Structures are given as structure tokens and as C-alpha cells.
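What follows is one structure encoded as C-alpha cells, with my remarks underneath.
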Amino acid sequence: MIRAVIVDVNDTLCMTEAGSFDLVNDVLARMGRPPMSRAVHKATWGEVLLDAMPRRSPGVDLHRFAELFPAAHQEYLADGRLDVIPPENLAALDKLVLAGRTVLLLTSRAEAEIEHMLAPDHVLAGRVTGAYHQGNTRFRKPDPRAFDELLAETGFTPGECVYVGDSPGDAVAAGGAGLRFIACLQSGVRRLDEFDPSLVTAAIEVFPDLPAAVDQLDAVKGAAGKV
């Protein structure tokens, strides 16, 4: 049985690429720098923020950017312009929990970018058991070791887990760690043909299709084990 469903945040659980594009350009404007193009943002989407910024804005003062980003990030959250999780996605998480599956988050976000989603009064409380991010993991996707702390702390084996994400790097990390991988294509940022097919166990068009996809993986595995 699949005991744990591990979920990426950006453009998987919630659609964030467009809002993040506006947010980063807002911070760049506050620094007096020209905006980056949407194409550059999409090309670097999924990378650790400060690792991506030299490509997004060549010559940017990373220290100054890091100083200004948290306040701007909080403004966007307060205005409802970022990290809005649709009710249908929450309902999908509820189905997973009711089926006896543990829901965990694994993201390349910094701790400050994810901590608001872990607050006791957040809509994810009671749905998500734990979250793994830059603050409590040593490695970042696409390095398969990004799952090391999660597997060690939960006791789940890779075969008991499935990871759902939106990028080829997510698939590389999951496959390298021995996890099955479900590609979520809802954001439209990535196409299925951009993924290594050997690393994709299943694909879904929208996040609410996730519970059925996980059930199907269990059914296929169960049928394969019959004699």
C-alpha cells in the first residue's frame, strides 16, 4: 500500500509561478533594477530562489535582494496574491487522509517561504503531517538525497511513498530515491514530454485527480502481486 503521499508546493498544491513572477519583479523594482522576462522566470522555475536570481537578474546584489524579499513576500501573502490553495485541492487532500494515507510536503523553498503554511490555523493543519524544506533538509531537488530526512524521520520506505510534482527535477529526485512519481501538469509550465518517461509512474491534468491516481497505483500493484 502507498502509505505516504508527498506533495510539492509550487504549481502542484497551489499555482504560484505567476504570482512569484510578479513578486520577484516587485522586489527588483524596489532595488531599482529592470524586470526579468516571463521566459527567464519559467526557465528557472523550481530552482532555489537565490540560486536562480543571478540568471533572472544578472549582477543583482543577492544580499540586498534577500533583505527585501521577506517583507514583500508577506505583503503578497496578506493580499491573497500567493499560495492560495483552492477548495478542490483541499478536498483532494481530505480524500487521501480518509484513505489512511499520510500527506507530507517536500519543497525547495526556504523555511521563511513555507512557515506560514505550517501555522496551526492554516487550512493545511490536520491535513498535512509534516513539511521538508531548506530549513530541515541538507539537499535540494533534483538531488535524490532531498528525501533523506523525510524517510529517516517517518520510517517510510521509498516503496511506500509516491511524490507528486510539476517539474522534471521533481521526477529525477523521486526516481533517484526509489519513489514512484506522479507528474501534475495543471500549471501548464511543463509538458509531459519534458519529463523522462522512465521516471513518471503516472500523470494527472489537475491536482484533484491525485486521490484516484494513487488508488490506481495501489490497484495495479495489488493485481501484480496476485497468483
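The values are calculated or read from the model by the stated rules, or taken from the named source; none is laboratory data. Quick caveat: nothing in here was measured; it's all calculated off a predicted structure. Cβ atoms come from the backbone with ideal geometry, glycine included; neighbour counts cover every protein chain shown. Surface accessibility is based on the protein's heavy atoms, side chains included, excluding ligands, DNA and RNA. Shrake-Rupley method; radii C 1.70, N 1.55, O 1.52, S 1.80 Å.
Let's test the formula: R0 of 35 Å, r as the Cβ-Cβ distance of ARG138 and VAL206. What FRET efficiency results, to the nearest 0.05?
0.60
If I fit a long axis through the Cα atoms of helix 210-224 and take the longest principal axis of the Cα atoms of the chain, what angle between them do I get, 0 to 90°, rounded to 10?
The answer is roughly 40 degrees.
What ranking do 10-23, 138-151, 86-99 get when scored by the average of other Cβ atoms within 10 Å per residue, highest first?
10-23, 138-151, 86-99
Can you list residues from other chains, or at least 5 along the same chain, whose modelled amide H is less than 5 Å from the amide H of ALA177?
Those lying under 5 Å, H to H, from ALA177: there are none.
Summing -39500 (n - 2.57) over the DSSP H runs of n ≥ 4 in the chain and dividing by its residue number, what mean residue ellipticity at 222 nm do you reach, to the nearest 500 deg cm²/dmol?
Result for the chain, helices only: -12000 deg cm²/dmol.
Which value in Å is the Kirkwood Rh of segment 1-129 over different Cα pairs? Intermediate results must be reported in sequence, preceding the final value.
Numbers: mean 1/r = 0.0629 Å⁻¹.
For segment 1-129, inverting the mean 1/r across all distinct Cα pairs yields 15.9 Å.
Return the sequence-ordered ³J(HN,Hα) values of segment 57-62 in whole Hz as given by the Karplus equation 6.51 cos²θ - 1.76 cosθ + 1.60 applied to θ = phi - 60°, using x for Gly and Pro.
8, x, x, 5, 7, 4
What span do the alpha-carbon atoms of the chain cover on each of the three principal axes, reported in whole Å from largest to smallest?
So the extents along the principal axes, rounded to whole Å, are 67, 37, 31.
At 1.4 Å probe size, with the rest of the protein present, what percent of the exposed accessible area of segment 1-155 is carbon and sulfur atoms?
54 percent
Give the Cα extents of segment 97-219 along the principal axes, in whole Å, largest first.
Taking the Cα atoms of segment 97-219, the three principal extents are 37, 31, 30 Å.
GNM, the chain, Cα, under 10 Å: largest mean-square fluctuation among VAL103, VAL40, VAL24?
VAL40
If R0 is 30 Å, what FRET efficiency do you get for LEU50 and ALA78 from their C-beta distance, rounded to 0.05?
Working: r = 23 Å, r/R0 = 0.77.
Taking R0 as 30 Å, the efficiency between LEU50 and ALA78 is 0.85.
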